[in-house]
Amino acid sequence: MSKEKFYITTAIAYTSKKPHIGNTYEIVLTDAIARFNRFIGKDVFFLTGTDEHGQKIQEIAENEGITPKQHVDKIAGQIKDIADMLNISYDKFIRTTDDYHVKAVQQIFKKLYDQGDIYKSEYEGWYCTPCESFWTETQLVDGKCPDCGREVKKAKEEAYFFKMSKYQNKLMEYIESHPEFIQPESRKNEMVNNFLKPGLQDLCVSRTSFTWGIPVEFDPGHIVYVWIDALSNYITALGYTPEEKGELYNKYWPADVHIIGKDILRFHTIYWPIMLMALGEPLPKQVFGHPWMLVGDEKMSKSRGNVIYAEDLVKHFGVDAVRYYSLHEMPFAQDGTITYEVFISRFNSDLANTLGNLVNRTVAMINKYFDGEIQSGDVHGDFDDDLKAVATGAIDNIIKKMNTLHVADSMDEIWKVVDRANKYIDETTPWVLAKNEDDKPRLGTVLYNLVETIRIIAALLSSYMPETSKKIAEQIGADDLSFESTKTFGETKAGTKVGEAVPLFQRIDAEKKLAELEEEFGQPEEEKIEIAPYKDYIEFEEFEKLDIRVGKVLECEKVPKSSKLLRFTLQVGSETRQILSGIAKFHKPEELIGKNVLFVANLKPRKMMGLESCGMILSAEFEDKLTVLTTLNDIQSGAEIV
């Protein structure tokens, strides 16, 4: 019986500079999903790689005094080294400079041109080099790139264009009939409301103003623009060409899931599906736009001095601690955060104290009380059945979480078993049993039950923390960490010898480690922050008149003919409410969909641009910028702020 196929990809990393931990989070996330699907018996193909063409790379190389190929060879090597360091189990690493990819992209471009989906014209507009994106005048925000906020340049050049509008309705129908295609749900609403419904413009797919790219074979003055080049990697890596699809392509395509950053969702859920439709190929089953890992509440940036690199974390904390933090601390749909303080706190509490201590003291007690030999587990007592049920029941809960890509939640299920085992030690008090010779058989059973639970924990951890999983197995003498073994309690054979009780994670002196990190990497300079003066005191009765509520953003879009207003549709309990807010210059609509925002509910309705606004979204203002106030945790919409 053949195995179920599972094809998973990361976005290919752009080779402009060495990636930081926020960039490498994606490949760790994808690796955990790939490993887990292998663990449960699927035939997995895991693709990652590098995106190596474009004007930005050509400019960087020129500034460095080297060729673009020399630059991308260096950065691609660093990216691959980081993946290997983080124990990433990829099956193939593609580079868009690979010969087979170059040839396949040229053939794809020619096919789309021959069938009339690509045509030649002239482009005039605004170009953002860092984002490799063209924008119209109306799409700019304060004259700058709406995606990254950087300066744009006026560009005019001959170019080939892809007829996006030709496939717009077909794509809309596909998205509506495949609700699982774009995840999380809020990302789907963003794509439909902000891009598809307003109508797609034809996409520029070639350039003539620089040379570092794949030449258009039939028109050498043009190079294939990044979208057709980079996005095609998901099929060219499998041997696809329009003429011959290849064995791997026939076996694994369509992809089960593309794991990508939320900032490139548009390219993967609009441009890429339309390309595939034009080629007559199936669409990927799912695209997951993961959130960002921030430092505190800011994106990582060299200019801010807050960049954290994976190799530095690994040097100070180890590979699996970095994997644990990356996987467990990132929410499903909202941005996560990393700071050294929080990292150390999680390391000490979750890894050293909770997991490490469980394994360490269990192995130490078997060595102390039974000369390192695991006893039979046949003297039943209180608490045994519940421990066994929690341990063997975990895998089904984990499968449910992983099937919906809730990776952090799936790790919580493992830690429920860890917590239950620690509680079992407190309930059975093995150190007390050891004092009475008559209780030795029961002590042997208690320790057997702990070893079996730890064996199941080790098996469950193998997808997330593979090195730790192996270390645990070595300490308890386990040789079966298979998927099937997690469902059965009693696999460990009596008489098995445990190893030495070596701490899995050595507890860190937080103050000492933070001082060490500051000395090595420096501390971003603190600037004096001036805030607006406080307003006059008011009576409490005046404050009580305000009815402030929580509303979940169902829809958010720009108000036509207004540069300031966004129109919100909020879910408030079982009803909806429309509110207009003048924050369009500070927030992209897609950023807010799915968020819980705070609003004044009893403000008298008023008309703005012909639309009724029933309330006021609360924002914080600082240095002429507005930030919408949201809740820290998920909470029922309509909840009253007290």
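The values are calculated or read from the model by the stated rules, or taken from the named source; none is laboratory data. Since we're looking at a predicted model, the values are computed, not measured. Every residue, glycine among them, receives a Cβ derived from its backbone with ideal geometry; neighbour counts consider all protein chains shown. In case anyone asks, the SASA skips ligands and DNA or RNA and just uses the protein heavy atoms, side chains included. Shrake-Rupley method; radii C 1.70, N 1.55, O 1.52, S 1.80 Å.
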Taking a straight Cα-to-Cα line shorter than 22 Å from residue 80, and setting aside same-chain lysines fewer than 8 residues away, one finds 17, 18, 56, 69, 92, 302, 315
Surrounding charge for residue 444, neighbours by C-beta under 15 angstrom, Lys/Arg +1, Asp/Glu -1, total -2
Site residue 339, offset 7 angstrom along Cα→Cβ, radius 11 Å on amide nitrogen, limited to segment 490-522, gives none
Subtracting the Cα-Cα distance of residue 531 and residue 66 from 0.36 nm times their residue separation yields 162.7 nm
Net charge near residue 462 (other residues with Cβ under 9 Å of its Cβ; Lys, Arg +1; Asp, Glu -1) is +2
The extension gain from residue 408 to residue 423, computed as 0.36 nm times the residue separation minus the Cα-Cα distance, is 3.2 nm
Rounded to the nearest 10, the angle in degrees between the Cα long axis of helix 510-521 and the longest principal axis of the Cα atoms of the chain comes to 40
Karplus ³J(HN,Hα) for segment 117-129 (6.51 cos²θ - 1.76 cosθ + 1.60, θ = phi - 60°; Hz, whole; x = Gly/Pro) runs 7, 10, 9, 9, 7, 9, 9, 9, x, 10, 10, 9, 5
Sorting 219, 386 on solvent-accessible surface, 1.4 Å probe, most exposed first, gives 386, 219
One finds, for residue 541 and residue 608 with R0 = 30 angstrom and r their Cβ-Cβ distance, a FRET efficiency to the nearest 0.05 of 0.50
Helix 99-114 sits off the longest principal axis of the Cα atoms of the chain, rounded to the nearest 10 on a 0 to 90 degree scale, by 40
Put 272, 292, 431 in order of accessible area, largest first, probe 1.4 Å, and you get 431, 292, 272
Expressed in nanometres to one decimal, the distance between label points 7 Å along Cα→Cβ at residue 488 and residue 218 is 6.2
In degrees rounded to 10, the 0-90 angle between helix 466-476 Cα long axis and the longest Cα principal axis of the chain is 0
Excluding residues fewer than 8 positions from residue 625 in its own chain, the lysines with Cα under 16 Å of it are 144, 564, 585, 588
A 1.4 Å probe over the protein heavy atoms gives the chain a carbon and sulfur accessible-area percentage of 48
In the list (1) 34.7; (2) 43.9; (3) 29.1, the entry giving mean projected area of the Cα convex hull in nm² computed from the coordinates is (1)
From DSSP H assignment alone, runs of 4+ in the chain each adding -39500 (n - 2.57), the sum over residues rounded to the nearest 500 puts [θ] at 222 nm at -11500 deg cm²/dmol
Note on segment 165-291: alpha-carbon gyration tensor, axes a ≥ b ≥ c; rule is a/c under 1.5 for rounded, else prolate if a/b larger than b/c, else oblate; result oblate
Rounded to whole Å², per residue accessible area for the chain with a 1.4 Å probe reads 47
Note: residue 81 to residue 177 extended length (0.36 nm per residue) minus current alpha-carbon separation gives 30.5 nm
Note, residue 597: beta-carbon cut-off 12 Å, +1 each Lys/Arg, -1 each Asp/Glu, net +3
Counting only backbone N atoms under 18 Å from a point 7 Å out along Cα-to-Cβ of residue 563, the residues of segment 601-618 in range are 609
Applying the gyration tensor rule to the Cα atoms of segment 428-498 (axes a ≥ b ≥ c; rounded if a/c under 1.5, else prolate if a/b exceeds b/c, else oblate), the class is prolate
Percent antiparallel among DSSP beta bridges confined to the chain, rounded to 5, stands at 70
